[in-house]
Amino acid sequence: AELMRADPELAVRVATSVDSRTAARWALTFSRVAAAAGGVDPVAPAAKREVLRPEASQLWKLMIRTSVPFIGFGFFDNMIMLTVGETLDCTFGVAFGFSTLAAAGMGQMVSDACGITLQGFIERFADRLGLPDPKLTLPQQQLDFVKYWMIFSRVAGIVIGCFFGMFPLIIMPERQPRLVDQIADKLSSQCRAEFQRSVKTLHFKRGEKLLEYGQESSKVFMIQDGSVEVIGRDVDRLPFNVCTIGPGHAFGVPELNRPSHVDLVAKDDEVIVQSIGKFEYLRIMATNEEAMEIFTGARSIEHQVYLRSQGQNLAIAKPQAQKGTGKTRMFASLTQEEKMEVLQFVRTEEAVNFTGSKGEGKVTFFARLSEEQKAEAMLKFQERVAERLARANAEEQEALGGPTPSA
(Lines give C-alpha, C1' and ligand atoms only; values in the text may rest on other atoms or scores of the structure.)
Protein backbone atom coordinates (compact mmCIF):
# COMPACT_ATOMS: atom_id res chain seq x y z
CA ALA A 1 0.00 0.00 0.00
CA GLU A 2 2.86 2.40 0.86
CA LEU A 3 4.52 1.70 -2.50
CA MET A 4 1.33 2.53 -4.40
CA ARG A 5 0.87 5.75 -2.45
CA ALA A 6 4.45 6.72 -3.30
CA ASP A 7 4.20 5.66 -6.98
CA PRO A 8 0.91 6.71 -8.69
CA GLU A 9 1.89 4.92 -11.94
CA LEU A 10 2.22 1.62 -10.04
CA ALA A 11 -1.22 2.18 -8.53
CA VAL A 12 -2.69 2.74 -12.02
CA ARG A 13 -1.08 -0.46 -13.41
CA VAL A 14 -2.37 -2.54 -10.49
CA ALA A 15 -5.87 -1.06 -10.85
CA THR A 16 -6.05 -1.83 -14.58
CA SER A 17 -4.74 -5.42 -14.13
CA VAL A 18 -7.64 -6.64 -11.97
CA ASP A 19 -11.27 -7.19 -12.88
CA SER A 20 -14.13 -5.14 -11.48
CA ARG A 21 -15.16 -7.73 -8.89
CA THR A 22 -11.68 -7.93 -7.38
CA ALA A 23 -11.43 -4.13 -7.34
CA ALA A 24 -14.78 -3.91 -5.56
CA ARG A 25 -13.67 -6.43 -2.93
CA TRP A 26 -10.45 -4.50 -2.36
CA ALA A 27 -12.34 -1.22 -2.05
CA LEU A 28 -14.74 -2.75 0.47
CA THR A 29 -11.86 -4.16 2.53
CA PHE A 30 -9.87 -0.89 2.49
CA SER A 31 -12.95 1.14 3.40
CA ARG A 32 -13.70 -1.13 6.34
CA VAL A 33 -10.12 -0.80 7.60
CA ALA A 34 -10.20 2.97 7.22
CA ALA A 35 -13.61 3.23 8.85
CA ALA A 36 -12.55 0.99 11.74
CA ALA A 37 -9.60 3.29 12.35
CA GLY A 38 -12.01 6.23 12.54
CA GLY A 39 -14.61 4.37 14.62
CA VAL A 40 -17.28 4.21 11.83
CA ASP A 41 -18.74 1.01 10.33
CA PRO A 42 -19.30 1.63 6.58
CA VAL A 43 -21.61 -1.39 6.22
CA ALA A 44 -23.72 -0.83 9.31
CA PRO A 45 -27.38 -1.82 8.92
CA ALA A 46 -29.51 0.64 7.01
CA ALA A 47 -31.77 1.04 10.04
CA LYS A 48 -28.94 2.83 11.91
CA ARG A 49 -28.42 5.45 9.24
CA GLU A 50 -30.25 6.70 6.19
CA VAL A 51 -29.21 5.14 2.85
CA LEU A 52 -30.54 6.62 -0.37
CA ARG A 53 -32.37 4.15 -2.62
CA PRO A 54 -30.62 3.77 -6.01
CA GLU A 55 -32.24 5.60 -8.90
CA ALA A 56 -33.87 3.73 -11.79
CA SER A 57 -31.00 4.58 -14.13
CA GLN A 58 -28.52 3.16 -11.63
CA LEU A 59 -30.52 -0.08 -11.33
CA TRP A 60 -30.62 -0.53 -15.11
CA LYS A 61 -26.88 0.07 -15.34
CA LEU A 62 -26.39 -2.44 -12.53
CA MET A 63 -28.50 -5.00 -14.38
CA ILE A 64 -26.49 -4.59 -17.58
CA ARG A 65 -23.18 -4.78 -15.76
CA THR A 66 -24.26 -7.87 -13.77
CA SER A 67 -26.13 -9.81 -16.46
CA VAL A 68 -23.69 -9.53 -19.39
CA PRO A 69 -21.07 -11.96 -17.95
CA PHE A 70 -23.81 -14.48 -17.19
CA ILE A 71 -25.11 -14.19 -20.73
CA GLY A 72 -21.67 -15.40 -21.79
CA PHE A 73 -21.75 -18.25 -19.25
CA GLY A 74 -25.19 -19.42 -20.41
CA PHE A 75 -24.29 -19.13 -24.09
CA PHE A 76 -21.14 -21.24 -23.87
CA ASP A 77 -22.69 -23.74 -21.45
CA ASN A 78 -25.63 -24.60 -23.71
CA MET A 79 -23.64 -24.44 -26.95
CA ILE A 80 -20.96 -26.83 -25.70
CA MET A 81 -23.46 -29.21 -24.11
CA LEU A 82 -25.58 -29.50 -27.27
CA THR A 83 -22.63 -29.79 -29.65
CA VAL A 84 -20.69 -32.34 -27.61
CA GLY A 85 -23.82 -34.30 -26.65
CA GLU A 86 -24.95 -34.59 -30.27
CA THR A 87 -21.46 -35.61 -31.40
CA LEU A 88 -21.22 -38.30 -28.72
CA ASP A 89 -24.71 -39.59 -29.54
CA CYS A 90 -23.87 -39.90 -33.25
CA THR A 91 -20.50 -41.59 -32.67
CA PHE A 92 -19.98 -43.41 -29.38
CA GLY A 93 -23.74 -43.74 -28.84
CA VAL A 94 -24.08 -45.58 -32.13
CA ALA A 95 -20.96 -47.66 -31.57
CA PHE A 96 -21.71 -48.74 -28.00
CA GLY A 97 -25.49 -48.43 -27.95
CA PHE A 98 -25.93 -46.09 -24.98
CA SER A 99 -28.98 -43.82 -24.85
CA THR A 100 -29.42 -40.21 -25.98
CA LEU A 101 -29.84 -39.11 -22.35
CA ALA A 102 -26.47 -40.65 -21.49
CA ALA A 103 -24.87 -38.69 -24.35
CA ALA A 104 -26.55 -35.49 -23.10
CA GLY A 105 -25.21 -36.13 -19.59
CA MET A 106 -21.67 -36.55 -20.90
CA GLY A 107 -22.07 -33.38 -22.95
CA GLN A 108 -23.08 -31.55 -19.77
CA MET A 109 -19.95 -32.81 -18.00
CA VAL A 110 -17.76 -31.40 -20.77
CA SER A 111 -19.74 -28.15 -20.74
CA ASP A 112 -19.30 -27.68 -16.97
CA ALA A 113 -15.57 -28.39 -17.20
CA CYS A 114 -15.21 -25.82 -19.99
CA GLY A 115 -17.28 -23.33 -17.99
CA ILE A 116 -14.74 -23.39 -15.16
CA THR A 117 -11.93 -22.81 -17.66
CA LEU A 118 -13.73 -19.98 -19.45
CA GLN A 119 -14.91 -18.18 -16.32
CA GLY A 120 -11.94 -15.84 -16.01
CA PHE A 121 -11.86 -15.18 -19.76
CA ILE A 122 -15.55 -14.22 -19.85
CA GLU A 123 -15.22 -11.90 -16.85
CA ARG A 124 -12.17 -10.14 -18.32
CA PHE A 125 -13.89 -9.78 -21.66
CA ALA A 126 -16.99 -8.28 -20.00
CA ASP A 127 -14.80 -5.78 -18.11
CA ARG A 128 -13.26 -4.61 -21.38
CA LEU A 129 -16.63 -3.92 -22.98
CA GLY A 130 -16.94 -0.64 -21.17
CA LEU A 131 -20.18 -1.56 -19.46
CA PRO A 132 -21.91 1.33 -17.62
CA ASP A 133 -20.95 1.84 -14.00
CA PRO A 134 -24.00 2.28 -11.70
CA LYS A 135 -21.78 4.17 -9.22
CA LEU A 136 -23.45 2.74 -6.15
CA THR A 137 -22.03 3.57 -2.77
CA LEU A 138 -20.95 0.75 -0.52
CA PRO A 139 -24.01 1.14 1.75
CA GLN A 140 -26.24 1.02 -1.34
CA GLN A 141 -24.56 -2.20 -2.48
CA GLN A 142 -25.44 -3.75 0.89
CA LEU A 143 -29.17 -3.02 0.58
CA ASP A 144 -31.30 -6.19 0.39
CA PHE A 145 -33.19 -4.79 -2.59
CA VAL A 146 -29.95 -4.27 -4.52
CA LYS A 147 -28.76 -7.81 -3.69
CA TYR A 148 -32.04 -9.32 -4.94
CA TRP A 149 -31.84 -7.12 -8.04
CA MET A 150 -28.37 -8.50 -8.79
CA ILE A 151 -29.59 -12.09 -8.35
CA PHE A 152 -32.45 -11.40 -10.73
CA SER A 153 -30.01 -9.86 -13.23
CA ARG A 154 -27.79 -12.95 -13.10
CA VAL A 155 -30.74 -15.28 -13.62
CA ALA A 156 -31.97 -13.18 -16.54
CA GLY A 157 -28.48 -13.25 -18.05
CA ILE A 158 -28.20 -17.03 -17.73
CA VAL A 159 -31.63 -17.54 -19.34
CA ILE A 160 -30.86 -15.21 -22.26
CA GLY A 161 -27.43 -16.79 -22.77
CA CYS A 162 -28.84 -20.33 -22.71
CA PHE A 163 -31.50 -19.31 -25.24
CA PHE A 164 -28.95 -17.99 -27.73
CA GLY A 165 -26.69 -20.95 -26.92
CA MET A 166 -29.29 -23.26 -28.47
CA PHE A 167 -28.35 -22.06 -31.97
CA PRO A 168 -26.63 -25.42 -32.80
CA LEU A 169 -30.13 -26.93 -32.97
CA ILE A 170 -30.76 -24.82 -36.09
CA ILE A 171 -27.81 -26.25 -38.01
CA MET A 172 -28.03 -29.83 -36.71
CA PRO A 173 -29.80 -32.24 -39.08
CA GLU A 174 -33.16 -33.45 -37.83
CA ARG A 175 -33.03 -37.01 -36.53
CA GLN A 176 -35.91 -39.33 -35.82
CA PRO A 177 -35.79 -41.14 -32.47
CA ARG A 178 -34.37 -44.63 -32.76
CA LEU A 179 -36.89 -47.46 -32.88
CA VAL A 180 -35.23 -49.17 -29.92
CA ASP A 181 -35.68 -45.97 -27.86
CA GLN A 182 -39.34 -45.66 -28.88
CA ILE A 183 -39.98 -49.22 -27.70
CA ALA A 184 -38.03 -48.71 -24.47
CA ASP A 185 -40.06 -45.59 -23.63
CA LYS A 186 -43.23 -47.70 -23.48
CA LEU A 187 -41.77 -50.23 -21.03
CA SER A 188 -41.72 -50.15 -17.26
CA SER A 189 -38.41 -49.21 -15.63
CA GLN A 190 -37.55 -52.84 -14.85
CA CYS A 191 -38.48 -54.13 -18.32
CA ARG A 192 -36.70 -51.18 -19.94
CA ALA A 193 -33.44 -52.01 -18.17
CA GLU A 194 -33.73 -55.68 -19.15
CA PHE A 195 -34.60 -54.76 -22.74
CA GLN A 196 -31.60 -52.43 -23.08
CA ARG A 197 -29.28 -55.12 -21.67
CA SER A 198 -30.61 -57.69 -24.14
CA VAL A 199 -30.33 -55.49 -27.26
CA LYS A 200 -27.05 -55.84 -29.16
CA THR A 201 -25.69 -53.37 -31.72
CA LEU A 202 -24.36 -54.97 -34.92
CA HIS A 203 -22.41 -53.43 -37.82
CA PHE A 204 -22.46 -54.68 -41.41
CA LYS A 205 -20.65 -53.63 -44.58
CA ARG A 206 -22.13 -53.39 -48.06
CA GLY A 207 -23.04 -56.86 -49.38
CA GLU A 208 -22.85 -58.62 -46.02
CA LYS A 209 -25.87 -60.69 -45.00
CA LEU A 210 -27.72 -60.08 -41.79
CA LEU A 211 -29.76 -63.22 -42.44
CA GLU A 212 -29.57 -65.89 -45.13
CA TYR A 213 -32.40 -67.65 -46.91
CA GLY A 214 -33.14 -70.91 -45.14
CA GLN A 215 -31.23 -69.92 -42.01
CA GLU A 216 -32.99 -70.41 -38.68
CA SER A 217 -34.32 -67.00 -37.72
CA SER A 218 -33.86 -66.62 -33.96
CA LYS A 219 -33.58 -62.82 -33.74
CA VAL A 220 -35.51 -59.72 -34.63
CA PHE A 221 -33.77 -56.68 -36.09
CA MET A 222 -34.33 -52.92 -35.72
CA ILE A 223 -32.58 -50.80 -38.35
CA GLN A 224 -30.77 -47.79 -36.91
CA ASP A 225 -28.71 -46.51 -39.84
CA GLY A 226 -28.30 -47.49 -43.48
CA SER A 227 -30.49 -49.52 -45.84
CA VAL A 228 -31.09 -53.26 -46.03
CA GLU A 229 -32.43 -55.17 -49.05
CA VAL A 230 -34.97 -57.92 -48.44
CA ILE A 231 -34.41 -60.59 -51.11
CA GLY A 232 -37.15 -63.21 -51.51
CA ARG A 233 -37.74 -66.10 -53.93
CA ASP A 234 -40.33 -66.29 -56.69
CA VAL A 235 -42.26 -69.39 -57.80
CA ASP A 236 -39.21 -70.55 -59.78
CA ARG A 237 -37.01 -70.13 -56.68
CA LEU A 238 -35.20 -67.19 -58.28
CA PRO A 239 -34.20 -64.26 -56.04
CA PHE A 240 -36.01 -60.94 -56.36
CA ASN A 241 -36.10 -57.73 -54.33
CA VAL A 242 -39.11 -57.73 -52.01
CA CYS A 243 -38.39 -54.29 -50.55
CA THR A 244 -35.71 -52.09 -49.03
CA ILE A 245 -35.96 -51.19 -45.36
CA GLY A 246 -34.14 -48.36 -43.60
CA PRO A 247 -33.84 -46.51 -40.28
CA GLY A 248 -36.93 -46.99 -38.12
CA HIS A 249 -37.93 -50.28 -39.72
CA ALA A 250 -38.15 -53.61 -37.89
CA PHE A 251 -37.70 -57.09 -39.30
CA GLY A 252 -38.76 -60.44 -37.91
CA VAL A 253 -41.81 -62.23 -36.56
CA PRO A 254 -41.06 -62.91 -32.89
CA GLU A 255 -43.67 -65.69 -32.64
CA LEU A 256 -42.07 -67.81 -35.37
CA ASN A 257 -38.89 -69.88 -35.12
CA ARG A 258 -38.36 -71.41 -38.53
CA PRO A 259 -36.06 -71.04 -41.56
CA SER A 260 -36.02 -67.59 -43.11
CA HIS A 261 -37.86 -67.00 -46.40
CA VAL A 262 -35.56 -64.11 -47.37
CA ASP A 263 -31.99 -62.84 -47.47
CA LEU A 264 -31.24 -59.63 -45.61
CA VAL A 265 -28.36 -57.87 -47.38
CA ALA A 266 -26.66 -54.62 -46.31
CA LYS A 267 -27.11 -52.09 -49.11
CA ASP A 268 -24.99 -49.17 -47.82
CA ASP A 269 -21.30 -48.95 -46.96
CA GLU A 270 -22.17 -49.22 -43.27
CA VAL A 271 -25.40 -50.53 -41.80
CA ILE A 272 -26.10 -50.42 -38.07
CA VAL A 273 -28.86 -52.52 -36.54
CA GLN A 274 -30.01 -53.48 -33.08
CA SER A 275 -30.97 -57.09 -32.55
CA ILE A 276 -32.54 -59.08 -29.76
CA GLY A 277 -33.34 -62.78 -29.45
CA LYS A 278 -36.95 -63.69 -30.10
CA PHE A 279 -37.28 -65.54 -26.79
CA GLU A 280 -36.00 -62.53 -24.79
CA TYR A 281 -38.15 -60.16 -26.83
CA LEU A 282 -41.36 -62.12 -26.22
CA ARG A 283 -40.60 -62.58 -22.53
CA ILE A 284 -40.08 -58.83 -22.02
CA MET A 285 -43.02 -57.77 -24.20
CA ALA A 286 -45.55 -60.31 -22.91
CA THR A 287 -47.54 -57.70 -20.97
CA ASN A 288 -46.41 -54.54 -22.81
CA GLU A 289 -49.02 -54.09 -25.49
CA GLU A 290 -48.01 -50.61 -26.63
CA ALA A 291 -44.35 -51.56 -27.07
CA MET A 292 -45.34 -54.63 -29.08
CA GLU A 293 -47.53 -52.50 -31.34
CA ILE A 294 -44.67 -50.08 -32.04
CA PHE A 295 -42.50 -52.98 -33.23
CA THR A 296 -45.33 -54.51 -35.27
CA GLY A 297 -46.12 -51.17 -36.90
CA ALA A 298 -42.46 -50.72 -37.92
CA ARG A 299 -42.40 -53.89 -40.03
CA SER A 300 -42.49 -53.47 -43.79
CA ILE A 301 -45.92 -54.03 -45.36
CA GLU A 302 -44.30 -55.44 -48.51
CA HIS A 303 -42.47 -58.04 -46.44
CA GLN A 304 -45.65 -59.02 -44.60
CA VAL A 305 -47.47 -59.49 -47.90
CA TYR A 306 -44.58 -61.62 -49.16
CA LEU A 307 -44.70 -63.81 -46.02
CA ARG A 308 -48.41 -64.38 -46.47
CA SER A 309 -47.81 -65.39 -50.08
CA GLN A 310 -45.31 -67.94 -48.77
CA GLY A 311 -47.91 -69.35 -46.40
CA GLN A 312 -46.12 -68.00 -43.33
CA ASN A 313 -48.87 -66.63 -41.08
CA LEU A 314 -50.36 -67.15 -37.68
CA ALA A 315 -52.31 -70.20 -38.78
CA ILE A 316 -49.21 -72.37 -38.91
CA ALA A 317 -49.10 -74.05 -35.53
CA LYS A 318 -52.10 -75.35 -33.61
CA PRO A 319 -52.13 -73.80 -30.13
CA GLN A 320 -51.85 -76.22 -27.24
CA ALA A 321 -53.87 -75.97 -24.04
CA GLN A 322 -50.68 -75.99 -21.99
CA LYS A 323 -48.98 -73.26 -20.02
CA GLY A 324 -45.86 -71.72 -21.56
CA THR A 325 -46.69 -72.47 -25.22
CA GLY A 326 -46.76 -68.78 -26.28
CA LYS A 327 -50.50 -68.13 -26.69
CA THR A 328 -50.46 -64.86 -24.71
CA ARG A 329 -47.33 -63.66 -26.53
CA MET A 330 -48.92 -64.43 -29.88
CA PHE A 331 -52.08 -62.56 -28.85
CA ALA A 332 -50.01 -59.54 -27.74
CA SER A 333 -48.39 -59.33 -31.19
CA LEU A 334 -51.71 -59.02 -33.04
CA THR A 335 -53.21 -55.77 -34.27
CA GLN A 336 -56.14 -54.21 -32.43
CA GLU A 337 -58.57 -55.57 -35.03
CA GLU A 338 -57.14 -59.07 -34.80
CA LYS A 339 -57.28 -59.00 -31.00
CA MET A 340 -60.94 -58.05 -31.14
CA GLU A 341 -61.53 -60.92 -33.53
CA VAL A 342 -59.89 -63.36 -31.12
CA LEU A 343 -61.93 -62.03 -28.19
CA GLN A 344 -65.12 -62.73 -30.14
CA PHE A 345 -64.43 -66.42 -29.53
CA VAL A 346 -64.12 -65.91 -25.76
CA ARG A 347 -67.63 -66.47 -24.45
CA THR A 348 -67.55 -64.09 -21.47
CA GLU A 349 -69.36 -60.85 -20.76
CA GLU A 350 -66.12 -58.94 -20.10
CA ALA A 351 -64.69 -59.90 -23.50
CA VAL A 352 -67.66 -58.30 -25.26
CA ASN A 353 -67.11 -54.95 -23.51
CA PHE A 354 -63.81 -54.19 -25.29
CA THR A 355 -64.07 -51.54 -28.03
CA GLY A 356 -60.76 -52.03 -29.87
CA SER A 357 -59.02 -48.95 -28.48
CA LYS A 358 -55.45 -48.96 -27.24
CA GLY A 359 -54.71 -49.40 -23.56
CA GLU A 360 -57.91 -51.28 -22.69
CA GLY A 361 -56.04 -54.15 -21.06
CA LYS A 362 -56.90 -56.79 -23.65
CA VAL A 363 -53.57 -58.57 -23.22
CA THR A 364 -53.95 -58.64 -19.42
CA PHE A 365 -57.50 -59.99 -19.77
CA PHE A 366 -56.38 -62.69 -22.21
CA ALA A 367 -53.51 -63.68 -19.90
CA ARG A 368 -56.00 -64.36 -17.08
CA LEU A 369 -58.04 -66.81 -19.16
CA SER A 370 -57.69 -70.54 -18.66
CA GLU A 371 -55.35 -72.43 -20.97
CA GLU A 372 -58.34 -74.14 -22.60
CA GLN A 373 -60.08 -70.82 -23.32
CA LYS A 374 -56.88 -69.35 -24.81
CA ALA A 375 -56.25 -72.38 -27.01
CA GLU A 376 -59.84 -72.53 -28.26
CA ALA A 377 -60.01 -68.82 -29.09
CA MET A 378 -56.64 -68.79 -30.89
CA LEU A 379 -57.50 -71.97 -32.82
CA LYS A 380 -60.78 -70.54 -34.10
CA PHE A 381 -59.03 -67.29 -35.02
CA GLN A 382 -56.34 -69.19 -36.95
CA GLU A 383 -58.98 -71.23 -38.78
CA ARG A 384 -60.71 -68.02 -39.84
CA VAL A 385 -57.40 -66.52 -41.02
CA ALA A 386 -56.65 -69.70 -42.98
CA GLU A 387 -60.07 -69.53 -44.63
CA ARG A 388 -59.48 -65.92 -45.67
CA LEU A 389 -56.05 -66.75 -47.09
CA ALA A 390 -57.39 -69.73 -49.00
CA ARG A 391 -60.21 -67.63 -50.41
CA ALA A 392 -57.79 -64.86 -51.40
CA ASN A 393 -55.45 -67.35 -53.11
CA ALA A 394 -58.36 -68.88 -54.99
CA GLU A 395 -59.52 -65.48 -56.20
CA GLU A 396 -55.97 -64.61 -57.26
CA GLN A 397 -55.58 -67.84 -59.22
CA GLU A 398 -58.96 -67.29 -60.86
CA ALA A 399 -57.99 -63.76 -61.83
CA LEU A 400 -54.76 -65.05 -63.38
CA GLY A 401 -56.65 -67.72 -65.30
CA GLY A 402 -54.89 -70.58 -63.55
CA PRO A 403 -56.38 -73.63 -61.88
CA THR A 404 -58.06 -73.04 -58.57
CA PRO A 405 -56.33 -75.01 -55.77
CA SER A 406 -58.50 -77.53 -54.06
CA ALA A 407 -59.37 -77.10 -50.42
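General remarks:
- Extension gain, Thr137 to Cys90, is 11.6 nm, computed as 0.36 nm per intervening residue step minus the present C-alpha separation.
- Over all other residues within a Cβ to Cβ distance under 10 Å of Thr335, the charged ones net out to -3, with Lys and Arg as +1 and Asp and Glu as -1.
- Unsatisfied cross-links (Cα-Cα over 31 Å) in the set Lys209/Lys323; Lys358/Lys380; Lys278/Lys358; Lys205/Lys323: Lys209/Lys323; Lys205/Lys323
- Amide hydrogen proximity for Leu211: with H placed 1.01 Å from N in the peptide plane, the residues at 5 or more positions away or on another chain lying under 5 Å are Leu264.
- Taking label points 7 Å from Cα along the Cα-to-Cβ direction, Thr364 and Ala113 give a separation of 4.6 nm.
- Counting only lysines at least 8 places from Lys61 when in the same chain, those with an alpha carbon closer than 20 Å to its own are Lys135, Lys147.
- Inter-probe distance in nm under a simple model that places probes 7 Å from Cα toward Cβ, at Lys323 and Ala156: 6.8
- Computed packing ranks the peptides 65-76, 344-355 as 65-76, 344-355, most packed first, by mean other Cβ atoms within 10 Å.
- Computed in the context of the full set of protein chains, the accessible area of region 122-214 at 1.4 Å probe radius has 59% of its extent on carbon or sulfur.
- Stretchable slack from Phe240 to Asp268, in nm (0.36 nm times residue separation minus alpha-carbon distance): 8.3 nm
- Rounded to two decimals, the Cα-based Rg/Rh of region 217-294, with Kirkwood Rh, is 1.00.
- Taking region 99-121 and a reference point 7 angstrom along Cα→Cβ of Ala193, the backbone N atoms nearer than 19 Å belong to 99-103.
- When peptides 368-379, 159-170 are ranked by their average number of other Cβ atoms within 10 Å per residue, the highest-first order is 368-379, 159-170.
The values are calculated or read from the model by the stated rules, or taken from the named source; none is laboratory data. If you're wondering where the values come from, they're calculated on a predicted model, not measured in any experiment. Every residue, glycine as well, gets a Cβ built from its backbone with ideal geometry; the counts of neighbours run over all protein chains shown. Note: accessible area is taken over every heavy atom of the protein model, side chains too, but ligands, DNA and RNA are not part of it. Shrake-Rupley method; radii C 1.70, N 1.55, O 1.52, S 1.80 Å.
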